[in-house]
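A.B. asks: My structure is below; once you've seen it, I'll send some questions.
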């Protein structure tokens with residue numbers, strides 16, 4: 001296990017991951033964040049260098065200080081060989097098994113690799129599977145226009161909106177999720193529609209690994225095409241900044257699946273895996289999506 005800290009090696013790794021898109025989307029997006037200021041204080045582990053088979057990103061120890069904060073304690077992984085991946089997981093210090101954490105991966109078998117180690121430790125994991133969508137060229141996306149109330153205006157999210165996002169996000173509802181959403185708003189691209197009083201009625205943000213989401217439209221403002229318009233705008237904004245345009249969709253969220261495909265996003269063959277660990281001795285929030293009336297997780 002090696003921690004890459006040299007800026008030239010980090011840039012070289014980013015370029016290598018770019019050549020293997022879309023399989024590397026999660027770690028590639030995180031690498032771009034690291035190489036452009038690293039506002040969420042991430043670090044990168046590889047099994048070997050310069051030839052590698054496994055890349056794991058994780059929060060630096062100084063920010064992963066709360067053992068119950070699985071929003072901050074988020075890892076992303078790319079693996080060319082599941083045997084080497086499992087060996088890295090089992091090595092001392094790669095993953096803090098005493099914390100609550102969330103690990104995101106796109107390769108089949110990543111969950112089984114964790115599950116085998118967790119069972120040997122007597123630890124229970126949860127896994128959620130989502131469809132993964134990737135747009136190869138967002139600049140080719142046709143512009144989507146929506147008929148807006150003249151009092152509405154397009155804007156970006158503000159940190160003051162974090163409470164509203166926390167109330168409506170399917171993974172929200174606690175102080176740690178509110179803090180995480182505030183970080184997304186503060187550091188990563190977003191769009192929203194504001195009503196005449198300046199309150200958001202529809203919005204979409206982006207994650208530290210530069211995926212689209214979370215997004216939501218208040219029930220009384222639905223069926224006007226707002227989410228399609230904002231999704232289109234954010235995909236193009238991320239592309240203009242040099243980031244990939246991709247995201248996950250709940251397997252039962254058929255309207256969002258149709259929206260993604262209509263806009264030219266390609267349904268990827270591999271699923272998106274959310275692997276969650278909540279130690280029994282830690283009073284940790286769960287990432288199990290809580291129901292939000294009238295919505296499906298996005």
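A.B. asks: Among 38, 96, which is without any contact (Cβ under 8 Å) to a residue 12 or more places away in the chain, surrounded by 14 or more Cβ atoms within 10 Å (Cβ to Cβ) and not assigned by TED's automatic domain parsing to the domain that holds residue 182? Walk me through how you get there before you give the answer.
C.D. replies: Numbers: 96 fails: without any contact (Cβ under 8 Å) to a residue 12 or more places away in the chain.
Result of the check over 38, 96: 38.
A.B. asks: Within the stretch 4-19, count every residue that is surrounded by fewer than 18 Cβ atoms within 10 Å (Cβ to Cβ) and in contact with a helix residue (DSSP H, G or I) (Cβ under 8 Å, 6 or more places away or on another chain). Spell out how you get there, then give the answer.
C.D. replies: Narrowing the stretch 4-19 to residues surrounded by fewer than 18 Cβ atoms within 10 Å (Cβ to Cβ): 5-12, 15-16, 18-19.
Applying the additional criterion that residues be in contact with a helix residue (DSSP H, G or I) (Cβ under 8 Å, 6 or more places away or on another chain) yields 7, 10-11, 18.
Count: 4.
A.B. asks: Do the conditions hold for residue 233, that is, is it surrounded by fewer than 24 Cβ atoms within 10 Å (Cβ to Cβ), touching a residue at least 12 places away in the same chain (Cβ under 8 Å) and more than 22 Å from residue 274 (Cβ to Cβ)? It would help to see each step written out before you state the result.
C.D. replies: Values: surrounded by fewer than 24 Cβ atoms within 10 Å (Cβ to Cβ): yes; touching a residue at least 12 places away in the same chain (Cβ under 8 Å): yes; more than 22 Å from residue 274 (Cβ to Cβ): yes.
Here the answer is yes, as residue 233 does meet what is asked.
A.B. asks: Just wondering, is there one or more residues in the stretch 131-143 that are without any contact (Cβ under 8 Å) to a residue 60 or more places away in the chain and not in a loop (DSSP other than H, G, I, E, B)?
C.D. replies: No: zero hits.
A.B. asks: So which helices (runs of 4 or more DSSP H) are wholly in the stretch 1-110 and hold at least 3 residues that are more than 16 Å from the chain's Cα centre (by Cα) and closer than 23 Å to residue 206 by Cα?
C.D. replies: Numbers: elements: 7-18, 25-35, 82-90.
Correct list: 7-18.
A.B. asks: Considering only residues that are touching a strand residue (DSSP E or B) at 6+ places or on another chain (Cβ under 6 Å) and closer than 20 Å to residue 2 by Cα, which ones fall in the stretch 66-93?
C.D. replies: Hits for the stretch 66-93 are 73, 74, 75, 76, 77, 78, 79, 84, 85, 88.
The values are calculated or read from the model by the stated rules, or taken from the named source; none is laboratory data. Model, not experiment: these values are computed from the prediction. Cβ coordinates were reconstructed from backbone atoms using ideal geometry, including for glycine residues, and neighbour counts include every protein chain displayed.
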